[in-house]
Every structure is written in structure tokens, then in C-alpha cells.
Amino acid sequence: RIGEKHSFSSMEAAWEFGGTLQDKFGWTVDLTRFNLNVVLNIECKQGYICVAITKESLHRRNISHFSNTTLRATMCYNLFRLAEPMTGEIVIDPLCGGGSISIEGTLSFPNTFHICGDYNRKAVERTRANVDYVNKTKAQCKIGAVMWDVKHLPLRTQSIDVLVTDLPFGKRSGAKRDNLRLYSKVLFELAKFVKTGTGRASLLTYDKTSLIKALRSQSKYWREIRQFGVNQGGLFSSVFLLLRKATAVPETSSEESFEAVLQTDSASSIQEDEMRRLDNGDSTEKKSNNHNCLADGKEVSDKTLTEQNIASGATQDTKLQSNIVSVKEEMESAIFASNIENVAGDKLEIIAQSYHDSPDGTN
């Protein structure tokens, strides 16, 4: 049950649902030794009933050697459904782990060919063991598993039709601080080998922010078609469906050109973040940066900004003191004028009194 505005609890819903099944069909409720698993799911204002058709979860159907990052076969299948591989196409998983994506792809789409690899030797050995298990128990898998570096793939240009992979995101494998550089490099490297105009990519990641920034830096080669949210074992991840643009990667492109693009995008992202913080009035977060961006795009150090603030404060203090002196002078002038009027008034009263007391009316 999901939702906070329900007038009943999960136990009350289960009790009512189980009682209805027993009254309607005569089924005895048994939570441990059941013959049929019936589940009621309630999400806010919607509800649906699920009936399990297998006793074990389908995500274990193809894998014999698991790891802490093994992707469920059901999730792998959905990644392929989004990419829509067609007959005769070549599919690549450059970060294969245990090979669950490629194995599911070759079983669910038997007329496709799959290439997978990983930088970790144990991962490649685990993939080959899983492929051997499937070949013995089910069907022959059209899979080639090799050990390689995803940053330097030994492939022929324009030779891949579909890219499907589960990107590491720093929870169970890798480090999150390295995701932006890794994602950008993967997109840049695969752009050389995925066919222009027709190539597709289906990418799964938990670190959505890093992938969005990586796509921004490689927007010349990739276009985002759609984004899906998925619940990956309690982690709310995202699936990105991409299309390879018609722009080809120049043969002269190198590591230096990639670094230049990444640094340019990083600088642009920093400036955008700074402007966003300024617009939101987030001065605390602004002070934590080593450099601050001005409106004209130039960067100055915190020391320079501090000196400017001190000078500005001194100028304001000078103006304030000047205003105080001016006001003081005006007040003194007003008091002096008021005293003159009072003195003049007293003199006029004395003169009038003297004139009144004079017998001949003269002073």
C-alpha cells in the first residue's frame, strides 16, 4: 500500500481481501504453504491484483554466477524492449559485469548478435561461466565476451547498431565522484562505433544528474528521446533512451579534444550553478566555492571579493558620516535661527512695553 490519505491500514486491506477470496472461492489463506500467490497492490487512488504464475522470481532464470551488481533479467528485457533491436543487428554492452544484459538479449531476441566486455577480469570470467550455463541448459548464445577498456574499444567504426548497458553509479561499484567523467567518456567513445542516424542506446543509471551533464557535453553526437523512472531494488533509477545523431566523430579526435570539451562543459556548468545560486540568494553555498563568477563571466578570487567588499563598505561609511555631518549642520543652523527669532521676539516685547509705559508715548 502506497499513500498517506487512506482510511485503512495495510493489515486491514489484507484482512478484507483475504476474507473476500475465502468467501467467494472457498480458498483457505496460508501465508507460508500456499499453492497460489495472490497479491493486492494499492497505490494512492488506484489498486490492482497480481497473480504469480511462477514459484520463483524470473530474474534468476538465466544466471548461475551472481555478483553484488547483477542486473535482474526482467530489467534487462525491458531495456531491450525500449531499444527495439531488429533482426541481424549487433548489440554491445561495454560494461557487462556478469553478462546478464547480453544473455537476456540473445535469448529474447534470438536473431541479434551481442558483444560484451568489462575491464575486470573476474567479471569477464563470470560472464563466460553464465554463457556456458545457458548453452548447456537452454540454447546456444550468440555472445562474444572479451576483456577491454571502455575508454579504448577495439572495434570498427560504424559497426554497432544498439548500445544497452547498466552504468555504474557508485552505490555498489565505482565512485560517484567519477561518474561524470566516465559517462562522458563512454558516450564519446561509443559515438565512434554506433551507426550514425539509426543507432540507439538504452542506458540505466541511478546518477541521473551526471548522465544529464554528460549528454550535454556530447550533445553533438547523442539526442535524448525519452527518460523513464524505474524502481531498482529500492533505488529510484532512470532509463535514458538515446538516438545517435548523424554527426560523425572526426578521425582526428583524440583524448585531448575530449578533455577540452569536458572542461568547457564543466566550466559552463559551474557558471550556471553560480548564477542559479545568485538568483536564489544562496550566499552560503556561494562562499564555499574557491572562485566566484561575475556577471561578465570573469572569475575573481575570494580575497579580491573581500577587498572589494571592504572598500565598498568603507565608501558607504564615508557617505554615512558625510550625511550625519550635513544633518548636524542643518540642525545647528535651525537651532541658531530659532534662537535669533526668540531673541528678536523678546526685544520687541520689551520695546512695546516701554512704549506703553512712556507718558508721552515716545521712547
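No lab work stands behind these numbers, since they all come straight from the coordinates. A quick note: this is a predicted structure, and the numbers were derived from the prediction, not measured. Using ideal geometry, Cβ is built from the backbone for each residue, glycine included, and neighbour counts are taken over all protein chains shown.
Evaluate E = 1/(1 + (r/R0)^6) for Val150 and Thr198, where r is the Cβ-Cβ distance and R0 equals 25 Å; express this FRET efficiency to the nearest 0.05.
For R0 = 25 Å, the calculated efficiency reads 0.65.
Please give the peptides 86-93, 49-56, 230-237, 110-117 ranked by average Cβ packing (other Cβ atoms within 10 Å per residue), highest first, as a rough proxy for protection. Working shown, then result.
On the way: 86-93: 18.4, 49-56: 9.0, 230-237: 12.1, 110-117: 20.5.
In decreasing order of mean packing, 86-93, 49-56, 230-237, 110-117 become 110-117, 86-93, 230-237, 49-56.
Can you pull the one-decimal nm distance between simple spin-label points at Glu43 and Ala139, each 7 Å off the Cα toward Cβ?
Computed distance between label sites Glu43 and Ala139 equals 3.1 nm.
Name all residues of region 1-18 having a backbone nitrogen under 13 Å from the label point set 7 Å from the Cα of Cys50 along its Cα→Cβ direction, giving them as ranges.
Once the point is set 7 Å along Cα→Cβ of Cys50, 1-2 turn out to lie under 13 Å by backbone N, inside region 1-18.
Fewest Cβ neighbours within 10 Å first, please rank Glu125, Glu251, Glu104, Glu189 accordingly.
The order, fewest Cβ neighbours first, is Glu251, Glu125, Glu189, Glu104.
What's the extension gain from Tyr119 to Thr157 if we count 0.36 nm per residue and subtract their Cα-Cα distance?
Net length gain for the segment: 11.6 nm.
In debye, nearest 20, what is the charge dipole magnitude of region 60-253 about its Cα centre with +1 on Lys and Arg Cβ and -1 on Asp and Glu Cβ, if you could check? It would help to have the intermediate numbers written out before the result.
Values: 30 positive and 15 negative charges, 76 e Å.
Dipole size: approximately 360 debye.
Mind listing P(r) for region 60-253? All alpha-carbon pairs, 5 Å bins, whole percents.
For region 60-253, the pair-distance distribution reads 1, 8, 17, 22, 23, 17, 9, 3, 1, 0.
Pairs to check: Lys142/Lys245; Lys55/Lys142; Lys5/Lys176; Lys5/Lys208. Give those whose C-alpha atoms are more than 32 Å from each other in this structure.
Violating the 32 Å limit, Cα to Cα: Lys5/Lys176.
Antiparallel as a % of all DSSP beta bridges within region 41-158, to the nearest 5?
In region 41-158, DSSP labels about 30 percent of beta bridges as antiparallel.
Just the C-alpha atoms of region 10-51: what Rg/Rh do they give, with Rh taken as the Kirkwood radius?
Looking at region 10-51, the ratio lands at 0.96.
Measure out, as a whole number of angstrom, how far apart the alpha-carbon centroids of region 10-51 and region 116-156 sit.
43
Based on the alpha carbons, how large is the Rg to Rh ratio for region 167-243 when Rh follows Kirkwood?
With Rg and the Kirkwood Rh in hand, the quotient comes to 0.96.
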